[in-house]
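Visitor: First the structure, which I've put down as structure tokens, then a few questions once you've had a look.
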Amino acid sequence: MTISNSRTAIVIGSGVAGLAAAVRLAAQGFQVSVLEANSYPGGKLSEIRNGNYRFDAGPSLFTMPHLVTELFDLAGKPAKQHFSYQRLPVICEYFWEDGTRMAARADQASFIREMSENLGEAPEKVSRFLDKSRQLYEITSHVFLHRSLHRLDTYLSKSTMQSMMQLHKLNIFRSMNGANAGLFCNPKTVQFFNRYATYNGSDPYRAPATLNIIPHLENFFGAYFPAGGMYSITQSIYQLACSLGVKFYFDVQAEKMLVQGGRVNGVLAGGESLAADLVVRNMDMVNAYKKLLKDEKQPRRLMKQPKSSSALIYYWGIKKSFPQLDLHNIFFSQHYREEFDCLFNRQTLYHDPTVYINISSKLAPADAPAGCEHWFTMVNAPNNSGQDWDRLVAETRRHIIKKLSRMLGENVENLIETEDVLDPRLIESRTSSSQGALYGNSSNNPFAAFLRHPNFSPWIKNLYFCGGSVHPGGGIPLSLLSAKIVGDLVEKSFKASRKHMNN
């Protein structure tokens, strides 16, 4: 493997943030090489095939698609020719044990009407909640999502100062559940909005009410389905990167970052020293320090922060079609607080878990045989802390099948034709995520946004960080934003360096 020494960059890891960072750096004129330990790109955003069924292996909800299409704009390529998607009229179908059912519609007026008709909520209360969610976004997005929280110039801007004057509106010292229970009368409505805490692996009974920003991201920006499924996001960005000359090296394990004089100058991989002007690390922050930077200063306080939840996923080929199910479906637990107590306090799975089923064959029929469906069946799980996962996987499978059979009026066990399982152990080993946590450090702390690693090294020049374990957080949109922040930081840094050299 040879890498040129002229304005070069190495990206470690090809998760969606690493792919996006590679595109952004290539668009800036860097010769970019990506080192990937797996034999495929995408990290969690990959796929699984079992017989005639195809599953998206990881994230299944797609919001803020402009963060993908703007990568094509940067490259000067028409996005519509390379990446297409459709907006969902129904974001998710929700089911409760007593037979209550609600379709969360994308149109806000229809959504409010559904809440009123199915859950008995006063329309003005739902409207007030959505307005508050929008307000949270407007106050925080340009500071907490689009810029580094760890640079002084962020706080010197007029827009940031205006946001700081409104921090009292963020409800950071009130729990998400506390805020929602204080507004809504129906426990089902509270449960509905509490669920958004799981979008970044948090506990709504402890996480700050600031996380009520998340419904705005879904209801205002909408939810979408990419043509070809979620894995097409990976494929599209990967192909874009290749078209820009980015070189990918698969089955290559980065062993050490090469640091000299307080500056990174390359990576040791496969026993070979690879020189570079800068390095971007797209792997879990904790493992990056433990494995690649073990001889350098460690951010021990950040590394010791509690981790987010993980997931337990059963990929089932189902030999039947269920017309009452949609692309996204939620079957709620009857005892939500107990479920989260199990996840975060007892580090185990509850016997009546909330079950999420994603069925992409509803919109991509080729993903399953005719008359069949493929169920991405997921429950929230604690991160890997040494539990007896073989026992938990078997027990939870029985609980899920019993629950779904009861609520759907069908013996689900008899319909399972193929099966694969992904548990926190495998998430940890396949994606190098510390303890198999899906979103890095937990967001249950009111100051969680400030307890994430910055997008650059405070001690090593030209070393950058992107992905779900660093600022601004986990999930596809935030991971893509982390790559955007890195691109902006690199551009400023190297412009400053060129200016200094010219002088």
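The values are calculated or read from the model by the stated rules, or taken from the named source; none is laboratory data. A quick note: this is a predicted structure, and the numbers were derived from the prediction, not measured. Glycine also receives a Cβ, built like all others from the backbone with ideal geometry; neighbour counts cover every protein chain displayed. Side chains are part of the model used for accessible areas, which takes the heavy atoms of the whole protein and leaves out ligands, DNA and RNA. Shrake-Rupley method; radii C 1.70, N 1.55, O 1.52, S 1.80 Å.
Visitor: Quick one: SER469 ticks every box in (1) modelled with pLDDT under 95; (2) more than 26 Å from GLY262 (Cβ to Cβ); (3) surrounded by 17 or more Cβ atoms within 10 Å (Cβ to Cβ); (4) among the hydroxyl-bearing types (Ser, Thr, Tyr) except a single one, so which number is it?
Guide: Here SER469 clears every test but (2).
Visitor: Is there a residue in the range 413-431 that is touching an Asp or Glu at 6+ places or on another chain (Cβ under 8 Å) and either crowded, with 23+ Cβ neighbours inside 10 Å or not acidic (Asp, Glu) (or both)?
Guide: yes
Visitor: Considering the range 46-55 alone, what residues qualify as being open to solvent by 10 Å² or more (accessible area, probe 1.4 Å) and either touching a residue at least 40 places away in the same chain (Cβ under 8 Å) or touching a helix residue (DSSP H, G or I) at 6+ places or on another chain (Cβ under 8 Å) (or both)?
Guide: Hits for the range 46-55 are SER46, GLU47, ILE48, ASN50, GLY51, ASN52, ARG54.
Visitor: If a residue has to be of a type in the set (A, V, I, L, M, F, W, C) and within 20 Å of THR210 (Cβ to Cβ) to count, how many in the range 438-475 make the cut?
Guide: Looking only at that region, the number is 7.
Visitor: Scan the range 204-227 and give yes if some residue there is in contact with a Leu (Cβ under 9 Å, 6 or more places away or on another chain), assigned to a strand (DSSP E or B) and either among the small types (Gly, Ala, Ser) or over 29 Å from PHE55 (Cα atoms) (or both), otherwise no.
Guide: Yes; the residues of the range 204-227 include at least one that is in contact with a Leu (Cβ under 9 Å, 6 or more places away or on another chain), assigned to a strand (DSSP E or B) and either among the small types (Gly, Ala, Ser) or over 29 Å from PHE55 (Cα atoms) (or both).
Visitor: Can you tell me which residues in the range 62-79 are open to solvent by 50 Å² or more (accessible area, probe 1.4 Å) and out of contact with any Lys or Arg (no Cβ under 9 Å at 6 or more places or on another chain)?
Guide: HIS66, ASP73, GLY76, LYS77, PRO78, listed by residue number.
Visitor: Taking the range 490-501 as the search range and keeping residues that are hydrophobic (A, V, I, L, M, F, W, C) and modelled with pLDDT under 95, which one is surrounded by the most Cβ atoms within 10 Å (Cβ to Cβ)?
Guide: Out of the qualifying residues, it is PHE494.
Visitor: Give the residues of the range 257-286 that are open to solvent by 20 Å² or more (accessible area, probe 1.4 Å) and under 12 Å from GLY13 (Cβ atoms), sorted by residue number.
Guide: Selection gives ASN282, MET283.
Visitor: Oh, and also: Can you name every one of the helices (runs of 4 or more DSSP H) wholly within the range 292-409 that holds 1 or more residues which are touching a strand residue (DSSP E or B) at 6+ places or on another chain (Cβ under 9 Å), among the basic types (Lys, Arg) and touching a residue at least 60 places away in the same chain (Cβ under 8 Å)?
Guide: Answer list for the range 292-409: 389-408.
Visitor: So, in the range 439-474, of the ones that are in a loop (DSSP other than H, G, I, E, B) and out of contact with any Ser or Thr (no Cβ under 9 Å at 6 or more places or on another chain), which residue ends up nearest to ARG24 (Cα to Cα)?
Guide: So the residue we want is SER457.
Visitor: Follow-up. Looking at the range 158-177, is at least one residue in a helix (DSSP H, G or I), within 18 Å of TYR196 (Cα to Cα), modelled with pLDDT of 95 or more and out of contact with any His (no Cβ under 7 Å at 6 or more places or on another chain)?
Guide: yes
Visitor: Across the range 220-256, what is the total count of residues that are of a type outside the set (A, V, I, L, M, F, W, C), open to solvent by less than 20 Å² (accessible area, probe 1.4 Å) and farther than 22 Å from ALA26 by Cα?
Guide: 3
Visitor: Scan the range 319-327 and tell me whether some residue there is modelled with pLDDT of 95 or more, under 26 Å from SER385 (Cα atoms) and either among the charged types (D, E, K, R) or buried (at least 21 other Cβ atoms within 10 Å of the Cβ) (or both).
Guide: Checked against the condition, which is being modelled with pLDDT of 95 or more, under 26 Å from SER385 (Cα atoms) and either among the charged types (D, E, K, R) or buried (at least 21 other Cβ atoms within 10 Å of the Cβ) (or both), the range 319-327 yields no hits at all.
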